[in-house]
Each structure stands twice: as structure tokens, then as C-alpha cells.
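The values are calculated or read from the model by the stated rules, or taken from the named source; none is laboratory data. Just so it is clear, the model here is predicted, and its values are computed rather than measured. Positions of Cβ are generated from backbone atoms using ideal geometry, with glycine treated the same way; all protein chains shown enter the neighbour counts. The protein model used for the area step is the full one, side chains on, heavy atoms only, and it has no ligands, DNA or RNA in it. Shrake-Rupley method; radii C 1.70, N 1.55, O 1.52, S 1.80 Å.
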Amino acid sequence: MPMKSPGCIFCRVVARELPATLVYEDDQCIAFEDVNPKAPCHLLVVPRRHIPTLNDGGEEDEGLLGHLLAVASRAAREKGVRSFRTVINTNADAGQTIYHLHVHVLGGRIMRWPPG
Ligand code: 5GP
Ligand code: ZN
């Protein structure tokens, strides 16, 4: 899988070609504010490497996947949010619209269960 996919919005955010409000970054991932927030706190945690969906993560990505969750918690804490929901939409029927793996971090309001 190439590092970067031409035309991918999140690859462009990672490359700082598109603006985003960054909350956290390291050598593996970045976290930034969702442009169309569905909750008072809505962050996206995005690996720097272009992985289209969770189904495309290989065995070698298991460490990275765990790291994304650790960063999700850290980024929520940065925003002062202790109660939050993490979501990964995988493929169209689950609501995925951007095909570069990302973890949603939603908080700051009561989250209903089950989700729609
Ligand atoms: P998905 O539907 O793929 O699970 O989530 C994609 C998310 O990316 C949506 O919540 C959408 O609001 C957000 N999004 C789409 N384009 C941009 C953008 O250019 N910048 C930022 N910060 N978020 C975006
Ligand atoms: Zn990408």
C-alpha cells in the first residue's frame, strides 16, 4: 500500500495541503477537528499512512491500530472530554464516506445507544 493516495482528502490533510485544526500529531497519526461536527467534541484520528478501510489493515498494522485508540483517548482528554464514543465506519453501508481509515471521537453530549 503506498504511503499516500492522490486525491485523498485525509492524505492531503496529513501533508498539510488542506487546512485542519490539529489537536495532536506524532510520527504515526494526526488528530484534528471534524469539519462538520456531529457532537460538541468531534475529532478524527487518522494514520499518516493511507489505509482505505479497517478491512485493509494487515497484521503489520496491529500496533498502529492500537495506537490510534490510545491517541483517541489522549485527544479527547486534551479537549476536556472524559466520556466519549469512538467509531470506525467501514465501507458504505456503515456510513464511510472518506476512504482513508479514521477513528471518530464524539463527546460533549449524551450519546444514544444503539446508534442508527
Ligand atoms: P466517515 O463518513 O467516512 O466515517 O467520516 C468522514 C468524516 O470526515 C465526516 O464526519 C466529515 O464531516 C469529515 N470530513 C470530510 N471532509 C473533511 C475535511 O476536509 N476536513 C475535516 N476536518 N473533516 C472532514
Ligand atoms: Zn489517504
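Before we move on, is LEU54 open to solvent by 50 Å² or more (accessible area, probe 1.4 Å), at pLDDT 95 or above, of a type in the set (A, V, I, L, M, F, W, C) and in contact with a Ser or Thr (Cβ under 9 Å, 6 or more places away or on another chain)? So LEU54 passes the test.
Selection over the stretch 74-116 of residues that are among the aliphatic types (A, V, I, L, M), more than 16 Å from ligand 2 (Cβ to nearest atom) and either assigned to a strand (DSSP E or B) or out of contact with any strand residue (DSSP E or B) (no Cβ under 7 Å at 6 or more places or on another chain) (or both) gives a count of 6. Confirm whether VAL87 is within 19 Å of THR21 (Cβ to Cβ) and either open to solvent by 60 Å² or more (accessible area, probe 1.4 Å) or of a type in the set (Val, Ile, Thr) (or both). No; evaluated as a whole, the condition is false for this residue.
Would you confirm whether or not the stretch 47-55 contains a residue that is within 19 Å of LEU22 (Cα to Cα), within 14 Å of ligand 2 (Cβ to nearest atom) and in a strand (DSSP E or B)? The answer is yes, given that some residue of the stretch 47-55 is within 19 Å of LEU22 (Cα to Cα), within 14 Å of ligand 2 (Cβ to nearest atom) and in a strand (DSSP E or B). Which residue pairs have Cβ atoms under 7 Å apart, sit 6 or more places apart or on different chains, and have a first residue in the stretch 88-116 that is more than 25 Å from PHE10 (Cα to Cα) and a second that is outside any strand (DSSP E or B)? Once the first residue is more than 25 Å from PHE10 (Cα to Cα) and sits in the stretch 88-116, its partners that are outside any strand (DSSP E or B) give ARG109/ALA39; ARG109/PRO40.
Annotation: of all residues in the stretch 18-27 being more than 16 Å from PRO37 (Cβ to Cβ) and open to solvent by 90 Å² or more (accessible area, probe 1.4 Å), the one that is nearest to ligand 1 (Cβ to nearest atom) is GLU25. For residues in the stretch 1-27 being touching a Lys or Arg at 6+ places or on another chain (Cβ under 6 Å) and modelled with pLDDT of 95 or more, which is farthest from HIS104 (Cα to Cα)? Top of the filtered list is LEU18.
For (1) under 25 Å from ASP93 (Cβ atoms); (2) part of a loop (DSSP other than H, G, I, E, B); (3) open to solvent by 80 Å² or more (accessible area, probe 1.4 Å), each residue gets a yes or a no:
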position: MET3; (1), (2), (3): no, yes, yes
position: ARG16; (1), (2), (3): no, yes, yes
position: ILE30; (1), (2), (3): no, no, no
position: LYS38; (1), (2), (3): yes, yes, yes
position: LEU44; (1), (2), (3): yes, no, no
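Just to check your reading of the model, which residue among GLY80, GLY95, GLY63 is open to solvent by 50 Å² or more (accessible area, probe 1.4 Å) and at positive phi? Answer to the check: GLY80.
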